[in-house]
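Each remark here refers to the structure printed beneath this line.
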Amino acid sequence: MKKLHLLLIKSFIRPFIVTFLIVMFVLLMLFLWKYIDDLIGKGFEWYVIMELMLYASATNVAMALPLSVLLSSIMTYGSLGENYELVAIKSAGISLTRAVAPMFIVVIILSVAAFFFSDYMLPKANLKYYSLLWDAREQKSANFLPEGVFSNSFPNYTIRVEKKDDDGQTLHDVTVYGKNTDNTPPFVLKAKTGKMYRSNDNRYLILEFHDGIRYEESPGGSNFNPNPRQKFTRWRFKYARYKMDLKGLAFVRTPQSSFKNAFQMMDRKLLQDTMKLMQHLIDSSVSLNLGLMKGYMKYYSVPTKLSTVKSYIKYKQGVMSFGTDVQKSSYLANALSEARSVQDLMKLRADRLDDFVKNFRSAFAQYQVKFTLSVSCIALFLIGAPMGAIIRKGGLGLPVVISVIFFLLFYIIKTIGEKAAHEGSVSGMVGAWVSILVITPIGVFLSYKASTDSTLFDMESYKRFFDKLFKRFKRSKDQI
C-alpha cells in the first residue's frame with residue numbers, strides 16, 4: 001500500500017512542477033507584453049528589469065498555483081486511466097477514493113503553504129512589485145535626443161538631431177539652442193557630427209561635437225568697453241564638449257512607505273487593525289452626525305391625557321393655518337433654509353462616511369482572499385482528479401483544454417465577486433467565496449461520477465441514448 005501511495009505521489013509531483021513552471025513562464029510573458037512599452041527605451045540597468053520580473057513572478061503565484069494543481073491532477077489521473085493503471089488499482093480492491101487520498105494530502109500541504117505565502121510573502125512581494133512598477137512607468141524615456149525632433153529633455157537647452165546611427169550614439173547635423181542663464185548668454189550651436197554617452201557615475205550625459213560653429217549674443221557695455229550695443233560673436237570649432245545633468249532624468253525610487261496603505265500590501269493582522277479602525281470611525285461618525293442633527297430638532301412638551309376628561313377632539317390644523325400670508329411665507333423660508341443647512345452639513349459627512357464604509361468592505365474582502373487561495377487549490381483538485389479518471393487521457397492535449405475551461409470559469413467568477421465586494425455591491429464574504437461555492441459542487445459531482453465509473457464523456461453512450469430517444473419518438477409518431 002505504501003508503494004502505491006509513493007507511486008501516485010511521484011506521478012503527481014513531476015507534472016505539477018512542470019506545469020507550474022510553464023504557467024509561471026506564460027504569465028511572466030504576459031506581464032512583459034503588457035508593460036513592454038513602459039520598460040523599453042528608458043535606460044534601466046539589467047538588474048532593475050530582473051528585479052521587477054522576480055517580483056512579478058511572486059505575485060503570479062496566486063494564479064499559477066491553483067491552475068497547476070488542476071492541470072497536473074487531470075494529467076496524472078488521465079495518464080493512469082489511459083495506461084489502465086486505474087483499472088489495475090480497482091481490481092486490487094482499492095477504490096478511487098483511497099487512490100486519491102495520498103495526493104489529496106499533498107494538495108492539503110500545498111494549500112497550507114499557499115496560505116502562509118498569501119499572508120506573509122505575497123503582501124511584501126506586492127509592495128515591492130507595485131512600487132517598482134510605478135517608478136518604472138513614471139521614469140522618462142532614455143531616448144533624450146530623438147531624430148528630427150526639438151527635444152526639451154534638458155533644462156535651458158533645446159536640441160535637435162537630424163539623424164542618428166544604428167549605435168544610438170553617433171549624431172549627425174546637430175543644432176543646440178542655449179537659453180539665457182546667469183552664467184551664459186543665449187547661443188546657437190550647429191555641428192556636422194557628434195557623439196553622446198553617459199558618464200561613469202551615470203550622473204551626466206556627455207555630448208561631443210565636431211566641425212561646428214557657435215553663434216552668441218551678449219550685452220554690450222563694461223568697464224573696458226563703454227559701447228552699449230550688443231555683441232555678436234561667432235566661433236568655429238573642431239571639437240566641443242558639453243555635460244548635461246541627468247539629475248531630473250535619473251531613475252529615482254519612491255519610498256515604499258507611500259504604498260503601504262493599500263490593502264494588497266497588508267497581512268491579516270494589519271487588515272484586522274484596519275477593519276477595527278474603520279469600524280471605530282464609522283461608529284464615531286454616526287454618533288457625531290446625530291449630535292449635529294439635534295441642533296435642528298425642535299421639541300415641544302405635550303401634556304398627558306387627564307383621567308377626568310372622557311374624550312378629546314383631534315387637532316387637524318397645521319402651522320400653516322395660522323398667521324397672515326407674509327408670516328406663512330416666512331415659515332416656509334425658514335423651513336427651507338434649515339433644510340438646506342441640514343442637507344449641506346450632512347452631504348459632506350455622508351461622503352466621508354461612505355469612504356469609511358467602502359474601506360471597511362475592501363479590507364474585509366481582502367482579508368477573506370487570504371483564505372481563498374488555499375481553499376481554491378483543494379476545490380480545483382476535486383475537479384481535476386475525477387475529471388482525469390473520467391476522460392482517461394494524459395499529456396498536454398485534452399487535459400489542458402479542460403483545465404483552462406474550468407480555470408477560466410473559476411477566475412472570471414472570482415474576479416467579478418472580488419470587484420463587487422470592493423465596490424460594496426455584495427458582502428465581502430460572498431464576493432471572496434462565490435467562486436469556491438460555484439466550483440465545489442461541480443467537483444463533488446465529478447467525484448461521484450468517477451467513483452461510480454460513469455461514462456460522462458463517452459460519446460458512444462450519448463449516441464445510444466439519442467438513438468433510443470429518436471426511435472421512441474418515431475414509433476409514437478407512427479402509432480398516431
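Some observations on this one:
- Residue in region 143-157 that is modelled with the lowest pLDDT, counting only those that are in contact with a Leu (Cβ under 9 Å, 6 or more places away or on another chain) and part of a loop (DSSP other than H, G, I, E, B): PHE144
- Among residues of region 420-455, those that are within 20 Å of the chain's Cα centre (by Cα), assigned to a helix (DSSP H, G or I) and of a type outside the set (A, V, I, L, M), counted: 6
- Of all residues in region 91-115, those being surrounded by fewer than 19 Cβ atoms within 10 Å (Cβ to Cβ), among the hydroxyl-bearing types (Ser, Thr, Tyr) and part of a helix (DSSP H, G or I) number 2.
- Top-ranked residue of region 116-142 - restricted to ones that are in a helix (DSSP H, G or I) and touching a Lys or Arg at 6+ places or on another chain (Cβ under 7 Å), ranked as modelled with the lowest pLDDT: ASP135
- Selection status of TYR331, surrounded by 10 or more Cβ atoms within 10 Å (Cβ to Cβ), of a type outside the set (Gly, Ala, Ser), assigned to a helix (DSSP H, G or I) and at pLDDT below 75: yes
- Region 391-401 - residue that is part of a helix (DSSP H, G or I) and surrounded by fewer than 22 Cβ atoms within 10 Å (Cβ to Cβ) and, of those, modelled with the lowest pLDDT: LEU398
- Residue that is modelled with the highest pLDDT [pool: residues in region 428-452 that are surrounded by fewer than 12 Cβ atoms within 10 Å (Cβ to Cβ) and farther than 17 Å from CYS377 by Cα]: TYR448
- If you filter region 174-209 down to residues that are small (Gly, Ala, Ser) and touching a His at 6+ places or on another chain (Cβ under 9 Å), you find that the one that is farthest from ARG234 (Cα to Cα) is GLY194.
- Qualifying strands (runs of 3 or more DSSP E) (wholly inside region 184-258; at least 2 residues being surrounded by fewer than 12 Cβ atoms within 10 Å (Cβ to Cβ) and modelled with pLDDT of 75 or more): 231-245
- Per-region count, region 15-30, residues at pLDDT below 85 and farther than 17 Å from PRO66 by Cβ: 0
- Members of region 1-33 that are touching a Ser or Thr at 6+ places or on another chain (Cβ under 9 Å), among the β-branched types (Val, Ile, Thr) and either surrounded by 13 or more Cβ atoms within 10 Å (Cβ to Cβ) or not assigned by TED's automatic domain parsing to the domain that holds PRO102 (or both): ILE13, VAL18, THR19, ILE22, VAL23
The values are calculated or read from the model by the stated rules, or taken from the named source; none is laboratory data. Source: prediction; values computed, not measured. A quick note on method: Cβ atoms are made from the backbone with ideal geometry, for glycine too, and the neighbour counts reach across all protein chains shown.
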